[in-house]
Structures are given as structure tokens and as C-alpha cells.
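See structure below.
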Amino acid sequence: MKPFSYEQAASPAAAAAAVASRPGAKFIAGGTNLLDLMKFQIETPTHLVDVRRLDLNRIEDTSDGGLRIGALVTNTELASHPRVKRDYGVVSRAIVAGATGQLRNKATTAGNLLQRNRCPYFYETDLPCNKRRPGSGCSAIGGVSRSLAVIGTSQHCIAQNPGDMAVALRVLDATVETVRPDGTTRAIPIGDFHLLPGESPEIEHPLVPGELVTAVSLPKPPGGTHHYHKVRDRASYAFAIVSVAAVLQKDGSGRVAFGSVAPRPWRIEAAEALLPRGPAAVVETAFAGARPTPENAFKIPLAERTLALVVAEGRA
Amino acid sequence: MDETNAFEVNRRKLMAGSAALATLNLPSGVEAQALDEEAPRVVVTFTINGHLQRLQLDTRVTLLDALREHLHLTGTKKGCDHGHCGACTVLANGIRINACLSLAVMHDSDEITTIEGLGRPGALHPMQAAFIEYDAFQCGYCTPGQICSAVALVDEVKRGVPSHATGDLTAPMTLSNVELRERMSGNICRCGAYSNIADAVSKVAGEML
């Protein structure tokens, strides 16, 4: 790791101001992703602002029947919360499908949303990567790409968003709440939170420098049955090849998002409207315009089969 | 620091001699970090196995390196140093974490329990005793992490923490073999002692749940 100075933030606004005022400063909370990347010198912050002890670790009911999840609530706490287990099961299911008990105990809600990608070339510091070194090129295009995105990519990056929790939050229409360095707050719909790579793959979210995620809000429970099915190379502790998060209603309608197929949780509302016509129709529309590589083209039929499994599970 | 003496092993003294020769071959990053006296330092005060400890550390020192290199509690093992293997699992305020992916400075005022703090020779923690009874290890390198993880997971089941193997999220939880294996997936054993580890954990969990 490169040397860095360290401070504990006194308030969310002070933390935001502290990071904004120092080039090279970053927030740290759980640290499970950031420290890993710092050891590889992929992340090289010169100053860390520790937000772990801020009062952002509560889960509260909202006046409209929803839930407000503090940014520092750990993955374990969120997956175990009685209301989450009862009313937002897709979130519990998605969280425990990822990482390990040890990591989920440290990883936070905001940190999970902000985790970096897992493209093998992002980690291979000797090779070009437009996320790690903007303008250096994309080694994954024409390289080993089996795990990478099939849609939403650009000629500059084909990394997928590897998260599980974010896919569940996407089907629930979650909102990400933040505070900016000037103290103002805003709410960002989860669908706008993860950016497609386009011309600037290094910009992964719409946050301004120093902007701190303070909470994630869920609207009132959608009812129905909740599903998260993750296909991966081993039964536990592996990133998804394809995942499906779904909330299905008795009348055959529902919401569906796909994970690990795109640079963001992939939910196409026009596609999920076709659920009554079956998984093939949904996937055909959701993946229209996909540009898979020969190595990862299998993800599209795999997405259809995974959705078929989830739909069968919903009927059972 | 008398608590570490009972665990002082001869192999470590032997290794210390070998390490002096090996420093010539250190990767440049490691050498630079060890010699970088300009790097920011901070004071950390935490309770380790019931003893208050105060250390002045480079901000980069992980909880794992603080335990092993600064407090000489070498029961906690460094395997991958990236959160993949679980050999460094310790309890922070009773919660299992990877000590390698945690900065020591972020544990100020925390209570840390390592394998040395769970039990002592002659007064073993039930999980330690069960690992011996069921022959739940071969080389033993992953064992401290396995035991700390197993102790914590029994508590997690009691607290209603679900796993990927959980059926009904809202039903009372049990610890089947499938559940246990899923919950222990963050602890790798390259000798492959999993069957005996599962037996040892099942026995203790059966008594504690």
C-alpha cells in the first residue's frame, strides 16, 4: 500500500467536505473492497476519511410504509433485519448469495453499491485498462471475457457490475440518498446510480467529489414472491455469471433485473411487462442490441433459463 | 504479553533466523513499506483477548499485521491477505471478520478475540476441543480461522442471520450440514478436512443452539 494519512469524520457533512478538500482523499467504511485494491495499488488514496462511526447505521420505517437503510448498515445486518426478511426478501436473498460471512459482517450498504468491477484486466496492473488508467485501452475486448458484460458496454470497456444486492435494490426501485460537500442533499434513483461506460469508463456513478451516500430508501413493499437466483462457477463465495432478481405477482406480472450481464443491474421495464408471455419473450426484449463476445454469448440463453427457473419457483 | 508465551513455538524462532537471509529477496514494495519511516503513524488503543493494548502504528498496518507482527499473537494466520481464504478470521466485538481486510487504526476501542483468547491449553473452548476430538485438521494452518469462524457462526444462527442455504427466511433457523458448509465457505482448507470440520462444528452447535 502507498502511505496515507487518516482521520475520523465527525459528521456526514464534515466527511464530505474533508474528502472534497483534499485531492486523493477517499472515504473508508467496511474497507473490504478498497483495502484489497490498495494492496494491489489499483487504488492509491493519500488520505482516508473513516466514516464508520457516523450515525448512519440504522434501519428505520418510513412514513409511506417503506424502509430507510443507513449507508453504514452492514450486509449481515440488512439481510437479517426482520422487516427485510419479511417484506423485501429479494434483498436478503441477494446479499447472502454474495461474499462470505466474514465479508458481509464488514461490508456496508453504501460500500456494496460502490464496489469496483471484477474484470480480470482491472486487476492486472501491467496491462491496459480504461477504468484503471483512462485512455490506456481495454484489454478485455479480444481478451478473456467469459465473465464480462454482454450489453450496455462500449468500445472502451466491457466490465460487468458484479454486485448482488444492487440487482435486488433495482427491482425494488430503491433510492440512494447523499450529502454533498456544500451540505446539500439529493436522492438518486437506483436506476441512475450505476453509469454505463460510454466514452469514460472510469466514471462509474454520478457522485461529485466528496459526495457521501447516507442512506438507501425502499418504497413500500411490493408484495408477491421474492426470488434471487445466482448462477456461478462454484456453489458458494463466487461472483455471478448470471443472476436474476425478481418479484413475481400471482397474476403472472412482476419485476425482473439481471445481474453480472451489464455494467449496471440490468432491468428493462418494457421487457418485464412481457412476463405473462414467458421467459423467452422477456429475455429477447431485455437483451435486444446485446453485443456479447464469443466467450460470453452463452450468458443470454443462460439468463433465459435462470429466469425460467425463477418463474417456476414463483408458481410452486 | 505473558499470554503469548504458551503459544511460542520453536518453528517461529527457526523461521526468524531464515528470514534474516531472506530479506535480500523481499519484493521491492514490501521492503519500501518496512523502511518508510516518513509514513503517517497513529496511536491505536484496543482490547486484545481481554488485555488493553496501546500501539503506535503506520496507518497501513492491518489488524492482522498488528496482531502478528506487533503483538506477536501468531495464532491468527496470514494466508492470501485478500479475504479469500479466511485463515485470518478473528472476532471484533464478537463478530467474525477477515483481519487482513481491516486497518488496525479503524479498530480503536474495539474488543478483539483471537484463537489465543478463545481458550487456553487445559481450558479449551468447546470448539477447540471438538476440532481435536474430530481430527478436524491436517496441517493446521487454516484451523485458528476455522475455529473463530465456527464460534461466530453459531452466534449468527442464534441471532437469525440468514444464509444462502436458508429456506424460509422468517422460520426459526437450524444448522443442517448444508447450512453449516455454506456458512463456513469463507474458510478454505487446502488439506480438505471439511468433513471432520463439519462434524466438529455440528457437535458444538448442537450443544450451543
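Observations on the structure shown:
- Among the candidates B:Cys80, B:Cys139, residue that is surrounded by fewer than 24 Cβ atoms within 10 Å (Cβ to Cβ), part of a loop (DSSP other than H, G, I, E, B), assigned by TED's automatic domain parsing to the domain that holds B:Ser202 and without any contact (Cβ under 8 Å) to a residue 60 or more places away in the chain: B:Cys139
- Per-region count, region A:44-58, residues open to solvent by less than 40 Å² (accessible area, probe 1.4 Å) and free of Cβ contacts under 8 Å to residues at least 60 places away in the same chain: 6
- Qualifying residue in region A:167-181 (condition: over 16 Å from the mean Cα position of the chain (by Cα) and surrounded by fewer than 16 Cβ atoms within 10 Å (Cβ to Cβ)): no
- Selection within region A:1-33 - free of Cβ contacts under 8 Å to residues at least 40 places away in the same chain and within 22 Å of the chain's Cα centre (by Cα): A:Lys26, A:Ile28
- Qualifying residue in region B:33-42 (condition: touching a helix residue (DSSP H, G or I) at 6+ places or on another chain (Cβ under 8 Å), modelled with pLDDT of 95 or more and part of a loop (DSSP other than H, G, I, E, B)): no
- Set B:Ala123, B:Ala87: member being more than 18 Å from B:Ala205 (Cα to Cα), at pLDDT 95 or above and in contact with a helix residue (DSSP H, G or I) (Cβ under 7 Å, 6 or more places away or on another chain): B:Ala87
- Condition check for A:Ala71: within 27 Å of B:Thr166 (Cβ to Cβ) and more than 8 Å from chain B (Cβ to nearest Cβ): yes
- Filter result (among the aliphatic types (A, V, I, L, M) and open to solvent by less than 10 Å² (accessible area, probe 1.4 Å)) within region A:242-270: A:Val242, A:Val244, A:Ala245, A:Ala246, A:Val247, A:Val256, A:Ala257, A:Val261, A:Ala262
- For region A:97-146, a residue qualifies if it is among the hydroxyl-bearing types (Ser, Thr, Tyr), within 14 Å of another protein chain (Cβ to nearest Cβ) and not in a helix (DSSP H, G or I), and the qualifying residues are A:Thr100, A:Thr108, A:Thr125.
- Selection status of A:His226, under 20 Å from A:Leu172 (Cβ atoms), open to solvent by 30 Å² or more (accessible area, probe 1.4 Å) and under 16 Å from the mean Cα position of the chain (by Cα): no
- Scoring A:Thr62 on the criteria (1) away from every other protein chain (no Cβ under 13 Å); (2) buried (at least 24 other Cβ atoms within 10 Å of the Cβ); (3) hydroxyl-bearing (Ser, Thr, Tyr) leaves a single failure, condition (2).
- If you go through region A:272-281 and pick out every residue that is surrounded by fewer than 20 Cβ atoms within 10 Å (Cβ to Cβ) and either touching a strand residue (DSSP E or B) at 6+ places or on another chain (Cβ under 7 Å) or among the charged types (D, E, K, R) (or both), you end up with 1.
- The selection criterion, being more than 11 Å from every other protein chain (Cβ to nearest Cβ), surrounded by 17 or more Cβ atoms within 10 Å (Cβ to Cβ) and of a type outside the set (D, E, K, R), does not hold for B:Cys100.
- Selection of region B:142-162 for residues being part of a loop (DSSP other than H, G, I, E, B), crowded, with 24+ Cβ neighbours inside 10 Å and within 11 Å of chain A (Cβ to nearest Cβ) yields only B:Pro162.
- Residue in region B:163-174 that is within 14 Å of another protein chain (Cβ to nearest Cβ), without any contact (Cβ under 8 Å) to a residue 12 or more places away in the chain and in contact with a helix residue (DSSP H, G or I) (Cβ under 7 Å, 6 or more places away or on another chain) present: yes
The values are calculated or read from the model by the stated rules, or taken from the named source; none is laboratory data. Owing to the predicted nature of the structure, the values given are computational and were not obtained by experimental measurement. Cβ sites come from the backbone with ideal geometry, for glycine too, and all protein chains shown count toward neighbours. Heavy atoms of the whole protein, side chains included, go into the accessibility calculation; ligands, DNA and RNA do not. Shrake-Rupley method; radii C 1.70, N 1.55, O 1.52, S 1.80 Å.
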